Amino acid sequence: MTSYGAIPTSSHPSPAIDLQYISRAKHRIKSGLATRRPWKSMFEFESMTLPHGFFDAISRIKTNLGYFRANYAIGVLFILFLSLLYHPTSLIVLSILVVFWIFLYFLRDEPLVVFNYQIDDRTVLIALSVLTVVMLLLTHATSNILGSLLTAAVLVLIHAAVRRSDNLFLDEEAAAVTEASGLMSYPSS
């Protein structure tokens, strides 16, 4: 006689959680967020001064944009998110795009290689920014998007101009990336 109300059970124990996989994921998240500079350092009050002139402001902006690039990207995405709270379609599109941002920009621990060309972080940042703006503009929230991007750009430029850059320590690789073009030839193996 069959028991119709019984829930079938497996005689095999459920697979154990792969602790090594979780450990690797935690490591990738930590190393991915390592490109983000500490927020405390970014908003250090003692480092906020007006530039001495136009060329000092331009120099600070160049240095700070390179140094705080990941922080600025997070800030712009957050301002964009806030501006789209009343546009559910745009929020869904932004959520999907944030996944791309996370995996292609923030958590990538190896250089991105496409057709045997190594693509640097700055090029990935620009491409993802353009993709984000274009995809969001297709959701018909144009005024919100353009307004939030303009607000974010003004805030980023003001911070980059006012934040002293003489106490930042750029490593040689970051300085080289700032000077290099977006595409570098990648040797085939």
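The values are calculated or read from the model by the stated rules, or taken from the named source; none is laboratory data. All values reported here derive from a predicted model rather than from experimental measurement. No Cβ is skipped: glycine too gets one built from the backbone with ideal geometry, and neighbour counts run over all protein chains shown. To get the accessible areas, we keep the full protein, side chains included, count just its heavy atoms, and leave off ligands, DNA and RNA. Shrake-Rupley method; radii C 1.70, N 1.55, O 1.52, S 1.80 Å.
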Check: From Leu82, Leu104, Leu65, which residue is part of a helix (DSSP H, G or I) and over 17 Å from Val154 (Cβ atoms)?
Finding: Leu104
Note to self: Tell me yes or no: at least one residue of region 126-148 is within 21 Å of Ser47 (Cα to Cα) and touching a residue at least 24 places away in the same chain (Cβ under 8 Å).
What the structure shows: no
Check: Just one of Thr123, Thr132 is part of a helix (DSSP H, G or I), open to solvent by less than 70 Å² (accessible area, probe 1.4 Å), out of contact with any helix residue (DSSP H, G or I) (no Cβ under 8 Å at 6 or more places or on another chain) and modelled with pLDDT of 85 or more; which is it?
Finding: Thr123
Notebook entry, point to check: Conditions: (1) open to solvent by 50 Å² or more (accessible area, probe 1.4 Å); (2) touching a Phe, Trp or Tyr at 6+ places or on another chain (Cβ under 6 Å); (3) among the aliphatic types (A, V, I, L, M); (4) within 22 Å of Met42 (Cβ to Cβ). Val113 meets all but one. Number of the miss?
Noted result: (4)
Check: Failed condition for Asp171, given (1) among the charged types (D, E, K, R); (2) open to solvent by less than 90 Å² (accessible area, probe 1.4 Å); (3) modelled with pLDDT of 50 or more, with all others met?
Finding: (3)
Check: Do you know which of the residues in region 78-99 that are without any contact (Cβ under 8 Å) to a residue 40 or more places away in the chain and closer than 30 Å to Ala161 by Cβ is most open to solvent (accessible area, probe 1.4 Å)?
Finding: Phe78
